[in-house]
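Here, each number is a calculation from the coordinates, and none is a lab measurement. These figures come from a predicted structure and were not determined experimentally. Virtual Cβ from ideal backbone geometry, glycine too; neighbours counted across all protein chains shown.
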Amino acid sequence: MPEAAQRTVCALILEDSDADYELIVHELRRWGFFVRGHRVQTEEDYRRLLELPPDIILMDYLLGAGFDALRGLEILRESGLDIPAIVLTGMVREETIVECMKRGAADYLLKDRLIRLGPAVSRALEDSELRRQKRAAEATLRKANERFQDLVETTGVIPWELDAVTWRFTYVGPHAASLLGYPVEEWRQEGFWDAHIRMDDPQDLTPLRQSADGCLGDHDFTCSMASRNGATVHLHCVVKTAACDAGANVLRGCMMNITELKKAQESLARRAEELSASNAELRQFASVASHDLKEPLRMVSFYTQLLAKRYKGKLDSDADEFIGYAVEGATRMGDLIKNLLDYSRVSAVKREVAPTDCEAVFGKSMENLRLALGECGAAVTHDPLPEVVADASQLGQVLQNLVANAIKYRCKDRPPRVHVSVREEPAQWVFSVKDNGIGIEPEYFETIFLIFHQLHSREKYDGTGVGLAICRRIVERHHGRIWVESEPGEGATFCFTIPRNHHDEE
C-alpha cells in the first residue's frame, strides 16, 4: 500500500454495477488518489463528459445497451483526445485483450485483481504526462524554429569569407550593402574590419587570429558596426570553418542582425531593474502608509468609541446605529492596516535562515494562541518535530496562522481538534496541519491563498483574508509550496514544504 499523500485525479468511470464502482473508487483512494470524477453508464453521457476532459478513463468491458469498452475506445480515438483508458473486466480472452490494446487502451485489468489498479493508473498518468510534455516540447521547438526562420528572413543572414592573414574580406553577401549601407566593394578593401567593426569583447578575436594553421573549430562572437547613416547595428557572427585555399588561410562564416534582440535584452534588463525598484518602493510605501495611518485611525477609533459611550441611548436609534457602524469600521480598518503591514514585512525583512528547532518554534506559536485555544476548548497535538533550515520567526508565523485558521473555522457542534505532523522526503520536509473543521470546497483550494480573499461573510467569520496569503508568501520565500486538501464538513489539511537544502534569497 502506498504512502498517504494524495494526488487529485479526475476520472470517468464507465461502470453499471454499484458494487464494482464503489470497489474501484475505494481502491483508487487506497492508493492515495483523491478522486474527482463521474460515473458513466450511457454513450450520451460519455460523449458529453469527454468534453471536459478527464485525466483518465476506467472502462468496464461490458456495459449493455450496445455500449461497451470497445465502443468507448473508438469514440475516444475519434475525438482526438490523448486520455489514458484502462479496461476492467471479469473475463480473460486473448483476442479481447489484443483488440482493446489495438484500439488504444493503456492497460487491461481483471476485476478480481484490482490490487494492480493503483500502479496501473499511476503508470498511465505518468505516460500521459510524458506524452504531453513531449508534445509541448515539440510545439515549443517548432515555434522556436519558426521564429528563427522569421528572424532570418526579416533581418537577412550575411555569409562572408575572410583572409585570416590580411584580415580582409574576400567575399561578403549582397545583403550587407542594404543592411549597412557600404557597397560590397568597400567591404573588400584593406582595413575595413578595423575601421568599422567594434567587438563586444576583443578577446573573442584571439582564436580567430591564431588560426593560421587552419585548425579552428566552430566559433561565434558579437560585434557592432556603425552603418553609413550613423545607426549602430549589432551583429552575431558565426565562424564555421578555417580552411586553406591555394596557400591562403580563410575563415568562413555568417553574420546576422541582432539589433532588435539586443534592444529587447537591454529593455528587459531595464524593466527588471525598474520592477525591482518599484517593488522596493511599494514595500516601503505599504510600511510607511500603514504607520502613518495608525495615529489618525487611533484618534478616529478613540472618539467614535467615546461618542458611543457618552451618547448611547441619549440620541435616537439611528444615531446609535450610525455610531456603531463608525466604531466597527474603525476597528476593521485598524485590523486591515496591521495585516497589510504584516504582509509587506514578509518580503521587506531579510530572512534570517538558520538551523531551527521546530519543537521550540511550535511551542512559542501555541503560547501566542493560548487564550484563543482555551476559549474554544481546542486540543492541538503534534508528532515529533525536526530541526529544519528556515527563518524561525517566519516559520512560527506560518504554524500559528494555520492553527488559528483551524480554530476559527471550527464546527459548532464539536470542539476543535488540530494535529501537526511532518514527513521527511529526500529533498524537503512536508508539514501538515490537519483539523476537524467545516472544510473547504475544492474550487476554492487556490483562491483561499489570495490576499483579502474570504470565503465567508464578516458577519459569520471575522477576519481580513490576509493570514493564508502571508503563509503562502513565507513558504514561497523559503522556496517551498503550500496547498490544502479538504472535503466540506470533513475538516481540512494544510500542507507546506521546506527544502532540506538552504537556498540563498533571490
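Could you state the number of Å between the C-alpha centres of the range 44-81 and the range 360-420? Taking the Cα centre of the range 44-81 as reference, the centre of the range 360-420 is 47 Å away. Label-to-label distance, Arg132 versus Thr170, with points set 7 angstrom from Cα along the beta-carbon direction: 5.6 nm. With the cut-off at 1.5 for a/c, could you classify the range 7-133 from its C-alpha gyration tensor as rounded, prolate or oblate? Judged from the Cα gyration tensor, the range 7-133 comes out rounded (a/c under 1.5).
Oblate is the label for the range 55-122, because a/c, from the alpha-carbon gyration tensor with a ≥ b ≥ c as root eigenvalues, is 1.5 or above and a/b does not exceed b/c.
Site pair Leu371 and Arg147 shows an inter-label distance of 5.6 nm when each label is modelled 7 Å from Cα along Cα→Cβ.
Most exposed first by the Cβ proxy, i.e. fewest other Cβ within 10 Å, how do Arg417, Arg198, Arg123 rank?
Arg198, Arg123, Arg417
What shape does the range 353-499 take by its C-alpha gyration tensor, where a ≥ b ≥ c are the square roots of the eigenvalues and a/c under 1.5 counts as rounded, a/b above b/c as prolate, and the rest as oblate? Taking the square roots of the gyration eigenvalues as a ≥ b ≥ c, the range 353-499 is prolate. In this structure, Ser17 and Trp483 have a Cβ-Cβ separation that, at R0 = 25 Å, corresponds to a calculated FRET efficiency of about 0.15.
Taking 0.36 nm per residue of separation and subtracting the Cα-Cα distance, full extension of the segment from Ala65 to Ile451 would add 133.8 nm. Amide H contacts for Ala390 (H built 1.01 Å from N in the peptide plane; partners 5 or more residues away or on another chain; cut-off under 5 Å): Ala354, Thr356. Modelled this way, with points 7 Å down the Cα-to-C-beta line, the labels at Ala139 and Arg113 are 3.7 nm from one another.
For Glu441, neighbours were defined as the other residues whose beta-carbon sits under 14 Å from its Cβ, and their charges (Lys and Arg +1, Asp and Glu -1) total -4.
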